[in-house]
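Structure, as structure tokens:
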Amino acid sequence: MLKELNEAQREAVTYIDGSLLILAGAGSGKTKTLTTRLAYLIGEVGIDPANTLTLTFTNKAANEMRERATSLIGNTHHTPPLLCTFHKFGLLFLKFHIEKLGRKNTFVIIDSDDRKRLIRSIAKTMKVDLNISFIGSEISKYKNTLLTPQEVIEKAELPDYKKIAKIYQAYEKNILENNLVDFDDLLMLTYRILDENPALRKEVSNHYRYIMVDEYQDTNELQFKLLEHLCSEHGNLCVVGDDDQSIYGWRGANIRNILDFHTLFENTKIVKLETNYRSTQPILDASNALIEHNSHRIGKKLVSHKGKGDAVKLMHSLDEGHESRAIAREIKALLSKGVHQDEIAVLYRINALSRSIEEGFSKEGLGFKLIGGMRFYERAEVKDIISYFRILANPHDDFSFLRIVNKPKRGIGKVSIDRLHHLAYEKHLSLYQTIQGLSPKELETTTTKRAAASLRALIEDIHMLQAEAEASLYHFVTLFEEVIKLKEHYHSMVDGMERILNIDEFYGYFRETIMQTPDITLDEFLNNISLQSDQDEVEKESIAIMSIHAAKGLEFEHLYVIGMEEEFFPLLGEGCNMEEERRLGYVAITRAKSDLTLCYVDSRFYKGRRKMLEKSRFLGEAGLINDTALKITKSADYKKGDLVKHKIFGIGRVQAANKSGREYKLLINFGGNKKEILSSFVQAV
């Protein structure tokens, strides 16, 4: 297996003990290196597969690695290596150990939509008028920095944050009472259990003696701390990542995890994978030139294994309408030459830019797949089925019960629901238990005669479907539709046919899953759905339109990047991180295999008005245009924007860097006093 690797890959694969950072540039064969290393540990070194743990960020990556590793080592081992996402590992761990927190392992995972509904309900009760998504993201930040509701309440100073702290407290109380677990809990609770139980921590660390992590640049503070615990007994941690592709700072990813890895873990070996097998050299020249403008990076330079190719093209259009038509025409020409649709993609930095491309493609009759639009499992009709299934798996899930209680309509009004909710709260019971515990007369008094009859019928249906699900999950779906009649419910709606097709798609997927894994339970099926990610839904044979974030990890023969204008790419303004914007540019460019077109326009219609725009500075930094106003000079040591210190003039900011013999002449602004000074006379701050 080592013969198929290059020298750097072989070095990474055969380094066994201790901490290892594999700095893997875009398209440098990181997956091949990681899976070969796993196969080498098991098949050559003789490590028990059960003692290995490989963590990824998506199910797609985990499945691909599992298939590759299995093909290398064969199915000779009884215990397969554990290769899964961080969150799947958390789920498996909690199923065994959540009882150490005084909780039952029959918990149900709630997804982002359920989470929003719960937060909205709490905010409404508390009469808090704040953006629900903002509240949710703040709660997520608290959990990923291991802050308890009480700690947040004590630290909150501004009025809005005090309100969010109170919502966080009520939110935690609610999910605890309903034995629910959100995505953040999968890791936070796992960390808590390991942190509070030294003996268990030692046992788990000694069990997983060889740990590998994919896409390490995307890890956050909590994931780093979790990894510290997991390798506390041996230090055998191998991480694979690319600091130049760290683009998730906005959702908590900490680039310092990879930049400081060699200082955080003793005697770290660093191996750089710099041979790129995806792109031609002109594409890599542009990406190398652009990313060199970043100061905070370990540093590497990609070299193409493919060699020479076509130059990177620039497409200049009057406005977004002309741009979409021009791209559509070029794509039509490619298709006429036999190029497959799934080899073509259009990327953008801002989601709003997709509208013009969608319209342009529709007018030209081009089929496309919008990646990152409304996901299949988030559609109302599909969520209804999932909520029913959750009730069957856990009847005490009040969230799901409230969603399905009147779908299809059963004549159960809001007043009846509110009364039941109040009664359940007083008795410390779930809605299901409350309804079951009331006599027919008491139920009629609490609700209405019609509502009481409907509720009793619903409870009977739940019991019948639970029995069928236990007997045969495959045949259960047919009975489910016959009893619940969801398709009949949606049939009369304007978009009823589309919704029915979605329901049929879900039922088909469910049956296919049962056929492939006959032993799966309803609970496991629901948890697997909750762990789906955006990239798991990328389909073949369609032109992909997506954000650069969604394109991470993908590659295309023919690639168009639109919106190469200041304010659009890079984004400018408060909170803008230019280094992360530049990393996004690097990711976008390196998605292309042989044909890359960067598109910019003179004006765009945006946020209700037409705006005149300037070309993106990235075009100059990538060496693709010679516009002196945009071209930013660079050096190996100092770049425009760097802070430097001079022994006489103090601290200043570099405004330009030009080659001068063996060093650089820097134009530095010392508080309004501009000086040209050689780089050897200053120090970086």
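Details
- L222 vs. criteria crowded, with 20+ Cβ neighbours inside 10 Å and more than 30 Å from V128 (Cα to Cα): no
- Taking each residue of segment 133-160 that is small (G, A, S) and looking for partners that are not in a loop (DSSP other than H, G, I, E, B) with beta-carbon atoms closer than 7 Å, six or more apart or interchain, yields G136/R115; G136/K116; G136/I119; S140/D184; A156/K162; A156/A165.
- Cβ-Cβ contacts under 8 Å between residues 6 or more apart (or on different chains), taken from a first residue in segment 291-319 that is open to solvent by less than 50 Å² (accessible area, probe 1.4 Å) to a second residue that is assigned to a loop (DSSP other than H, G, I, E, B) and basic (K, R), are listed as I291/R297; H293/K640.
- Conditions (1) loosely packed, with under 15 Cβ neighbours inside 10 Å; (2) touching a Phe, Trp or Tyr at 6+ places or on another chain (Cβ under 8 Å); number of the one not met by D129: (2)
- Here segment 605-624 is the region considered, the condition is being part of a loop (DSSP other than H, G, I, E, B) and charged (D, E, K, R), and the residue that is modelled with the highest pLDDT is E614.
- Residues in segment 248-262 that are at pLDDT 90 or above and either more than 22 Å from Q9 (Cα to Cα) or out of contact with any His (no Cβ under 7 Å at 6 or more places or on another chain) (or both): N254, I255, R256, N257, I258, D260, F261, H262.
- Residue in segment 441-449 that is under 18 Å from L402 (Cα atoms) and part of a helix (DSSP H, G or I) present: yes
- Residue check for D504: of a type in the set (D, E, K, R), modelled with pLDDT of 85 or more, over 21 Å from I371 (Cα atoms) and under 29 Å from the mean Cα position of the chain (by Cα): no
- In segment 208-318, counting only strands (runs of 3 or more DSSP E) that sit wholly within it, the ones holding 2 or more residues that are of a type in the set (D, E, K, R) and either touching a Cys at 6+ places or on another chain (Cβ under 6 Å) or within 27 Å of I16 (Cα to Cα) (or both) span 269-273.
- Of all the criteria given as (1) open to solvent by 30 Å² or more (accessible area, probe 1.4 Å); (2) under 22 Å from N394 (Cα atoms); (3) in a helix (DSSP H, G or I); (4) in contact (Cβ under 8 Å) with a residue 40 or more places away in the chain, the one not satisfied by K116 is (4).
- Taken over segment 372-428, residues that are basic (K, R) and either outside any loop (DSSP other than H, G, I, E, B) or modelled with pLDDT of 90 or more (or both) amount to 6.
- Verdict on R192 being modelled with pLDDT of 95 or more, closer than 23 Å to D111 by Cβ and not hydrophobic (A, V, I, L, M, F, W, C): yes
- Flag for L186 being outside any helix (DSSP H, G or I) and at negative phi: no
- Annotation: of all residues in segment 429-440 being part of a helix (DSSP H, G or I) and open to solvent by 40 Å² or more (accessible area, probe 1.4 Å), the one that is nearest to A451 (Cα to Cα) is P440.
- Subset of segment 437-462 [touching a residue at least 12 places away in the same chain (Cβ under 8 Å), closer than 30 Å to R511 by Cα and among the charged types (D, E, K, R)]: R456, D461
- Top-ranked residue of segment 397-414 - restricted to ones that are without any contact (Cβ under 8 Å) to a residue 24 or more places away in the chain and either among the aliphatic types (A, V, I, L, M) or within 13 Å of L455 (Cβ to Cβ) (or both), ranked as most open to solvent (accessible area, probe 1.4 Å): N406
- Flag for A328 being among the aliphatic types (A, V, I, L, M) and within 25 Å of K639 (Cβ to Cβ): no
- Hey, K127 of a type in the set (D, E, K, R) and either in a strand (DSSP E or B) or touching a helix residue (DSSP H, G or I) at 6+ places or on another chain (Cβ under 9 Å) (or both) or not: no
- Meets criteria (open to solvent by 10 Å² or more (accessible area, probe 1.4 Å), part of a strand (DSSP E or B) and farther than 24 Å from D319 by Cα) for E580: no
- Looking at K674, K647, K631, K640, just one residue is in contact with a helix residue (DSSP H, G or I) (Cβ under 6 Å, 6 or more places away or on another chain), open to solvent by 70 Å² or more (accessible area, probe 1.4 Å) and either closer than 30 Å to S304 by Cα or at pLDDT 70 or above (or both), and that residue is K631.
- Filter result (at pLDDT below 95 and either part of a strand (DSSP E or B) or over 16 Å from I589 (Cα atoms) (or both)) within segment 340-349: H340, Q341, D342, Y348
- Just one of the listed residues (L465, L479) is free of Cβ contacts under 8 Å to residues at least 40 places away in the same chain, open to solvent by less than 80 Å² (accessible area, probe 1.4 Å) and part of a helix (DSSP H, G or I), and it is L479.
- First in segment 325-340 and farther than 15 Å from S362 by Cα and of a type in the set (G, A, S), second anywhere and open to solvent by 40 Å² or more (accessible area, probe 1.4 Å) and not in a helix (DSSP H, G or I), Cβ under 8 Å, 6 or more apart: none
- Yes/no for L176 being open to solvent by less than 40 Å² (accessible area, probe 1.4 Å) and not in a loop (DSSP other than H, G, I, E, B): no
The values are calculated or read from the model by the stated rules, or taken from the named source; none is laboratory data. Worth saying up front: this structure is predicted, and the values here are computed from it rather than measured. All Cβ positions, glycine included, derive from the backbone under ideal geometry; neighbour counts span all protein chains shown. Ligands, DNA and RNA are stripped out before the accessible areas are found, and what is left, the full protein with its side chains, is counted by its heavy atoms. Shrake-Rupley method; radii C 1.70, N 1.55, O 1.52, S 1.80 Å.
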